[in-house]
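Written out below as structure tokens is the structure these notes cover.
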Amino acid sequence: MEGMSYARTPRVKIRELKDDYAKFELRDTDASIANALRRVMIAEVPTIAIDLVEIEVNSSVLNDEFIAHRLGLIPLTSERAMAMRFSRDCDACDGDGQCEFCSVEFHLRAKCISDQTLDVTSKDLYSPDHTVVPVDFSDPSGEESSEQRGIIIVKLRRGQELRLRAIARKGIGKDHAKWSPAATVTFMYEPDIHINEDLMETLTLEEKRTWVESSPTRVFDIDANTHQVLVVDPEAYTYDDEVIKKAEAMGKPGLVEISAKQDSFIFTVESTGAIKASQLVLNAIEILKQKLDAVRLSEDTVEADDQFGELGAHMRGG
Amino acid sequence: MELGSLADQSKATFSLSDEDHTLANAVRFTLNQDPRVTFCGYSIPHPSDNRVNIRVQTTGDPAREVLKDACQDLMLMCQHVMKNFDKVVDDFKMSQHVKVEDRWPW
């Protein structure tokens, strides 16, 4: 393998950064590390989501559990989640998950009294804690849009009513996808594209054009003046091999060589809005560190020996 | 939990509950970087058990110490990426800020 001397010091470079979107390069590391980071972001960074719903009145067209499910899927701002406790290991409330350290209570009251259909949305959820509220997707530019009123939970006609109490708790995506802070997290290997210039010059302009157009994404282009084939956007390449097959079909194998750089990754992170994209990455690294720490320390205690009883002792003895 | 023999500390299988590819593959990679390791691999014995087994065989050092060092190494790397990421985000925000100010009408 080429250059397997990965340093312990990966480099990071930000390409784009918005509240709910980040694109960055991670270099000088291995796919296993990049993948660990991706997997933690999707399934193990905690957020807060509605987990328990007590319905007082529901005369809407949707049944109770349907509404409870919809409530669970609403992203809530979760900057606090890292510092919060999981209700299962909360001492203050013996794990019933109803205390201030591990839960946030929401109330929803809506009744339609006019002939106009009433949309019950995430903005109708009231919480006493202003740090945990349904994510606001409205455009800060203030334009009136359909998203302005939040996420629709149910629609009510005249006389219908919905009244409920909901408890939001901390959780992770591994337990239920509603707790996943990530809409998508992907990484790609950076492609390394080399055009065989000598071979390329044996092609006519027309041939070059058909070859360039054989790529489903716009990776190559032809310089208008010199008629040279240029790589305009290597990252648009989707590893589809179309240009390579095309070159072979044209009787010019080896026209282009494309390989994936094994130590450079381009990440795209899209957040649901529960946590800022940049914070999501930092939280993921923190979680990974905690997991490693847990392994390192549990080695001292060999705690699970009781769990395995004689079997463990037996294996230990050789 | 560690399964090995008392006689030969240089070979052991570590069974980690509630972990998966996320941790095991990264740890396996760091272990394989270590020159003391002669063999390292991991497996998930059953997809519905939340458990991974990591096998470590070394040139002589106790396997558990080598595993701990690998965890330590990986943690330092995480620390480094975290520090870097933080800095890079700040730099990026700063540069965006400057650009906005450049466009200011006065």
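The values are calculated or read from the model by the stated rules, or taken from the named source; none is laboratory data. Since the model is a prediction, treat every value here as computed from it, not as a measurement. Neighbour counts run over all protein chains shown; Cβ positions are idealised from the backbone, glycine included. To get the accessible areas, we keep the full protein, side chains included, count just its heavy atoms, and leave off ligands, DNA and RNA. Shrake-Rupley method; radii C 1.70, N 1.55, O 1.52, S 1.80 Å.
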Across peptide B:23-32, what mean number of C-beta atoms from other chains lies inside 10 Å of a residue's C-beta?
-> 6
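Once you wrap a convex hull around the alpha carbon atoms of the protein assembly as shown, what is its projected area averaged over all directions, in nm²?
The Cα convex hull of the protein assembly as shown, projected and averaged over all directions, gives 30.8 nm².
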Scan around residue A:214 for amide H atoms under 5 Å from its own, H built in the peptide plane at 1.01 Å from N, and keep only partners 5 or more places away or cross-chain.
-> none
Residue by residue, what Karplus-based ³J(HN,Hα) values in Hz, rounded to whole numbers, does region A:202-215 have, using 6.51, -1.76 and 1.60 with θ = phi - 60° and x for Gly and Pro?
-> 7, 8, 7, 4, 4, 5, 4, 4, 5, 5, 4, 6, 6, 7
If one computes the Cα centroid of region A:197-248 and of region A:63-108, what distance in Å separates the two points?
-> 54 Å
Computed accessible area, residue A:107, all protein chains, 1.4 angstrom probe, square angstrom = 70 Å²
Pop the C-beta distance of residue A:80 and residue A:163 into the FRET formula with R0 = 35 Å and round what comes out to the nearest 0.05.
-> 0.85
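Per DSSP helix of 4 or more residues, -39500 (n - 2.57); summed, then divided by the residues of the protein assembly as shown. What does that give at 222 nm, rounded to the nearest 500?
Numbers: 9 runs with 133 residues, N = 424.
Roughly -10000 deg cm²/dmol at 222 nm, from the helical runs in the protein assembly as shown.
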Along the positive direction of the dipole of the protein assembly as shown (beta-carbon charges: Lys, Arg +1; Asp, Glu -1; about the Cα centre), which of A:273, A:183, A:72 reaches farthest?
-> A:72
Return the FRET efficiency for the residue pair residue B:65, residue B:44: r is the Cβ-Cβ distance, R0 is 35 Å, and the value is rounded to the nearest 0.05.
-> 0.90
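Compute the Rg to Rh ratio over region A:143-283 from the alpha carbon atoms, using the Kirkwood formula for Rh, and round to two decimal places.
My calculation of the ratio gives 1.24.
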Mean other chain Cβ within 10 Å across A:31-37 is 6
Here the averaged projected area of chain B, based on the convex hull of its alpha-carbon atoms and given in nm², is 9.5 nm²
Plugging the Cβ-Cβ distance of residue A:66 and residue A:294 into 1/(1 + (r/R0)^6) at R0 = 45 Å yields, to the nearest 0.05, a FRET efficiency of 0.75
Shielding of B:83-92 by partner chains, average beta-carbon count, 10 Å | 6
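With the Cα gyration tensor of region A:188-267 in hand, convert its eigenvalues to equivalent ellipsoid semi-axes via √(5λ) and list them largest first in whole Å.
22, 13, 11
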Might you report the magnitude of the Cβ-based charge dipole of region B:2-102 about its Cα centre, with Lys and Arg at +1 and Asp and Glu at -1, to the nearest 20 debye?
-> 240 debye
Over the residues of region A:47-180, compute the C-alpha Rg and express it relative to 2.2 N^0.38 Å.
-> 1.10
Got a number for the accessible area of residue A:85? Probe 1.4 Å, square angstrom, nearest 10.
-> 90 Å²
State which entries of A:178/A:289; A:23/B:83; A:23/A:170 exceed 21 angstrom in Cα-Cα distance in the structure shown.
-> A:178/A:289; A:23/A:170
